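The values are calculated or read from the model by the stated rules, or taken from the named source; none is laboratory data. Because the structure is a prediction, the values reported are computed rather than measured. Here the Cβ positions follow ideal geometry from the backbone for every residue, glycine too, while neighbour counts run over all protein chains shown. Only protein heavy atoms, including side chains, enter the accessible area calculation; ligands, DNA and RNA are left aside. Shrake-Rupley method; radii C 1.70, N 1.55, O 1.52, S 1.80 Å.
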Amino acid sequence: MLQENNVMGDFIKDLLQKGKREDGRKAMDYRSIEIKTNVMPNAEGSAEVNIGHTRVLAGVKVGLGTPMHDKPNEGNLMTAAELLPLASRYYEPGPPTPEAIEVARVIDRGIRAANVIDMEALFVEPEKVWEVFVDIYVLNYHGNLFDAGTLAATAALKSARMPKVEKNGEEFTVIREGALGKLKTKNIVTSCTFGKLFGSVVLDPDGNEESFMDARVTIASDENVVRAMQKGLGGSFSTKELDGLLDVSFEKSRSLRNIITNAAGE
Amino acid sequence: MAGGEKPVLIKDGKRLDGRGAEDLREIKIIPDYIKNADGSAYIEWGNNKIIAAVYGPQEALPKHVQDPQRAIIKCRYQMAPFSSLEEHGRTGPNRRAIEISKVTKEVFENAVLIDYFPGSEIDLYVEVLQGDGGTRAAGITVASVAMALSGIPMRDLPYSVSVGKVGESLILDLNKIEDNYSDADMPIAISPKSNDILLLQMDGNLTRDEVRQGIKMAQRAGEKIARMQREALKAPYERIAERYKK
């Protein structure tokens with residue numbers, strides 16, 4: 001991402017050659033992960049995720065809209081990511097950058113492919129469905145926005161409440177307060193992101209590592225299958241490397257799913 | 001002012017949330033909330049949840065915006081699309097947010113010693129994660145703390161609060177529903193050392209006398225707000241002092 005000074009690069013490179021990392025982790029370790037749900041009670045669902053010093057907030061809003069033409073019996077999902085300029089010296093205000101759009105789209109694909117939301121339960125009547133908006137707010141950048149964002153989005157959806165609708169003639173009124181059920185979810189998706197720098201592959205690259213990263217790959221999965229993948233940046237992975245990373249991602253996803261179920265209070 | 005049926009905002013001298021006319025909502029300020037920023041703080045002011053962060057001073061870019069006499073302040077106030085209990089909002093600053101950004105910036109053009117940093121810019125970001133009325137006032141109050149924590153020299157630590165009117169009575173610190181249905185809303189920012197007014201906006205109807213009383217009401221509340229700002233500024237240092245006492 002951002003080319004930092006060479007001193008830091010040399011430092012990280014030397015450590016990696018000895019199989020070490022700046023914060024004491026092994027190559028396939030995560031930083032500590034914390035999730036808090038319902039931190040923004042005005043939103044139907046919300047979750048704050050801290051992975052090391054990376055802090056991400058996901059907010060879920062549910063409203064009424066019209067279905068997509070190709071899926072008239074399903075609700076809509078809209079995922080956006082904001083790399084807030086307060087999150088890093090290198091982020092600037094303005095329309096979403098390609099980086100922000102990539103983060104949002106990869107997270108969106110995982111949620112969609114894994115059927116995290118029961119989309120058919122969002123049907124209201126012909127030409128009227130519920131729309132689910134997931135906004136990923138990056139509050140402090142220190143690497144690995146993909147995994148932090150996926151965790152935050154999934155935890156926010158799992159803990160979201162479901163508004164009710166009342167119809168009087170042609171008028172729809174959305175009720176967002178009082179006794180409400182939960183948004184119907186069917187699955188949990190998590191992702192594991194690996195970075196390749198100085199020839200080594202590491203899990204959960206932090207901000208310093210990302211600034212020297214040549215290649216990145218995100219593998220999103222549920223309990224059984226891979227649900228979304230994205231390889232990024234100009235470098236490459238060998239098929240053998242990817243082979244190993246697939247296994248690591250499945251192994252790691254078990255504890256990530258537990259973190260989500262615990263946070264969502266299930 | 002919103003349409004629809006107007007709720008009873010004051011009953012037996014109590015407001016909807018149980019406060020008296022001159023009571024502030026509960027305020028909590030957490031310093032150093034954003035690790036990457038040069039200065040930052042988070043505020044919970046009633047149900048408002050707002051982050052302010054400061055980056056700078058740094059070279060002002062693009063070059064043509066540079067002022068050879070002083071630093072420029074760039075401020076962006078924005079509400080998250082999930083910040084309200086109603087519909088999903090639109091992302092990005094709207095006309096309201098741009099105006100609030102401007103008046104907020106102007107508060108800090110006064111409070112910050114900008115002539116110490118010619119050619120530079122100071123970036124101030126105010127992100128409203130959850131809004132419940134009075135977000136510009138809470139935003140300015142927390143931005144003061146963030147600015148001071150960044151180490152940028154300031155002549156004073158401004159605070160802000162709004163005053164409004166319901167029927168015949170003036171009330172302090174309007175929440176969202178009061179803001180929507182009140183007869184007047186007047187946000188004020190004040191520099192506490194001089195008691196000078198750095199921000200003043202108003203809409204609705206107030207007599208001249210009510211304006212004068214309203215400002216006094218804001219200044220009385222300001223003593224409490226200013227104390228909380230100072231406590232938040234001291235907190236990180238007190239923690240360090242505590243550690244070295246042992």
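Give the number of residues within region B:92-136 that are free of Cβ contacts under 8 Å to residues at least 60 places away in the same chain and either out of contact with any Ser or Thr (no Cβ under 9 Å at 6 or more places or on another chain) or open to solvent by less than 30 Å² (accessible area, probe 1.4 Å) (or both).
Qualifying residue count, region B:92-136: 19.
Output yes when any residue across region B:165-183 is in a strand (DSSP E or B), under 14 Å from B:E22 (Cβ atoms) and touching a Ser or Thr at 6+ places or on another chain (Cβ under 7 Å), and no when none is.
yes
In region B:23-50, which residue that is within 10 Å of chain A (Cβ to nearest Cβ) and without any contact (Cβ under 8 Å) to a residue 40 or more places away in the chain is surrounded by the most Cβ atoms within 10 Å (Cβ to Cβ)?
B:I34
Looking only at residues in region A:141-154 that are assigned to a helix (DSSP H, G or I) and within 13 Å of chain B (Cβ to nearest Cβ), which one is surrounded by the fewest Cβ atoms within 10 Å (Cβ to Cβ)?
A:A153
I want to confirm something. Restricting to region A:113-140 and keeping residues that are within 12 Å of the chain's Cα centre (by Cα) and closer than 24 Å to A:V226 by Cβ, which single residue is surrounded by the most Cβ atoms within 10 Å (Cβ to Cβ)?
For region A:113-140, the residue satisfying everything is A:V134.
Counting just the residues of region A:85-110 that are out of contact with any Leu (no Cβ under 7 Å at 6 or more places or on another chain) and of a type in the set (G, A, S), which one comes out farthest from the other protein chains (Cβ to nearest Cβ)?
So the residue we want is A:G110.
Looking at B:V211 and the list (1) modelled with pLDDT under 95; (2) within 19 Å of B:L24 (Cα to Cα); (3) more than 16 Å from the chain's Cα centre (by Cα), which single condition is not satisfied?
Result: B:V211 fails condition (1) only.
Report, ordered by the first and then the second residue, all pairs with beta carbons closer than 9 Å, sequence separation of six or more or different chains, a first member in region A:64-84 that is without any contact (Cβ under 8 Å) to a residue 24 or more places away in the chain, and a second member that is in a strand (DSSP E or B).
These pairs meet every condition: A:M68/A:N76; A:M68/A:V129.
Against the conditions (1) more than 13 Å from chain A (Cβ to nearest Cβ); (2) farther than 30 Å from A:F133 by Cβ; (3) surrounded by fewer than 23 Cβ atoms within 10 Å (Cβ to Cβ); (4) not acidic (D, E), where does B:S144 fall short? Just the number, please.
Evaluating B:S144 over (1) more than 13 Å from chain A (Cβ to nearest Cβ); (2) farther than 30 Å from A:F133 by Cβ; (3) surrounded by fewer than 23 Cβ atoms within 10 Å (Cβ to Cβ); (4) not acidic (D, E) leaves (3) as the failure.
What about B:A53, is it closer than 17 Å to B:T135 by Cα, facing another protein chain (nearest Cβ under 8 Å) and part of a strand (DSSP E or B)?
yes
For region A:218-247, which residues satisfy the criterion of being under 15 Å from A:A104 (Cα atoms), without any contact (Cβ under 8 Å) to a residue 40 or more places away in the chain and open to solvent by less than 70 Å² (accessible area, probe 1.4 Å)?
Hit for region A:218-247 is A:I219, nothing else.
For region A:74-84, state whether one or more residues are away from every other protein chain (no Cβ under 13 Å) and over 24 Å from A:I260 (Cα atoms).
yes
Can you name the strands (runs of 3 or more DSSP E) wholly within region A:155-211 that have at least 1 residues being within 30 Å of A:V62 (Cβ to Cβ)? Please lay out each step first, then the result.
Working: elements: A:164-168, A:171-175, A:190-197, A:200-203.
The strands (runs of 3 or more DSSP E) meeting that bar are A:164-168, A:171-175, A:190-197.
For region A:22-42, how many residues are at the interface with another protein chain (Cβ under 9 Å from one of its Cβ atoms) and in contact (Cβ under 8 Å) with a residue 24 or more places away in the chain?
The total comes to 0.
Okay, residues lined up against (1) in a helix (DSSP H, G or I); (2) of a type in the set (D, E); (3) surrounded by fewer than 13 Cβ atoms within 10 Å (Cβ to Cβ):
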{"position": "A:G19", "(1), (2), (3)": "no, no, yes"}
{"position": "A:I35", "(1), (2), (3)": "no, no, no"}
{"position": "A:A58", "(1), (2), (3)": "no, no, no"}
{"position": "A:G63", "(1), (2), (3)": "no, no, no"}
{"position": "A:P72", "(1), (2), (3)": "no, no, yes"}
{"position": "A:T79", "(1), (2), (3)": "no, no, no"}
{"position": "A:E92", "(1), (2), (3)": "no, yes, yes"}
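Could you grab me the full set of residues in region B:75-124 that are under 23 Å from A:G94 (Cβ atoms), part of a strand (DSSP E or B) and of a type in the set (A, V, I, L, M, F, W, C)?
B:C75, B:M79, B:I122, B:L124
Report yes if some residue within region B:108-124 is touching a Pro at 6+ places or on another chain (Cβ under 8 Å), hydrophobic (A, V, I, L, M, F, W, C) and within 14 Å of chain A (Cβ to nearest Cβ); otherwise report no.
yes
Taking B:L149 as meeting all but one of (1) surrounded by fewer than 21 Cβ atoms within 10 Å (Cβ to Cβ); (2) closer than 26 Å to B:N195 by Cα, write down the number of the exception.
(1)
Which one of these does B:I190 not meet: (1) in contact with a helix residue (DSSP H, G or I) (Cβ under 8 Å, 6 or more places away or on another chain); (2) surrounded by fewer than 22 Cβ atoms within 10 Å (Cβ to Cβ); (3) β-branched (V, I, T)?
(2) is the only condition that B:I190 fails.
Could you tell me whether B:H64 is farther than 22 Å from B:T141 by Cα and assigned to a loop (DSSP other than H, G, I, E, B)? It would help to see each step written out before you state the result.
Working: farther than 22 Å from B:T141 by Cα: yes; assigned to a loop (DSSP other than H, G, I, E, B): no.
Answer is no for this residue.
Only residues in region B:224-242 that are of a type in the set (A, V, I, L, M, F, W, C) count as the first member; pair them with residues that are in a helix (DSSP H, G or I) and open to solvent by less than 80 Å² (accessible area, probe 1.4 Å), Cβ under 7 angstrom, at least 6 apart or cross-chain, and list the lot.
These pairs meet every condition: B:I225/B:T141; B:A232/B:V145; B:L233/B:V145; B:L233/B:A148; B:L233/B:L149.
Suppose we filter region A:96-112 for residues that are outside any loop (DSSP other than H, G, I, E, B) and either of a type in the set (S, T, Y) or open to solvent by less than 50 Å² (accessible area, probe 1.4 Å) (or both); how many remain?
8
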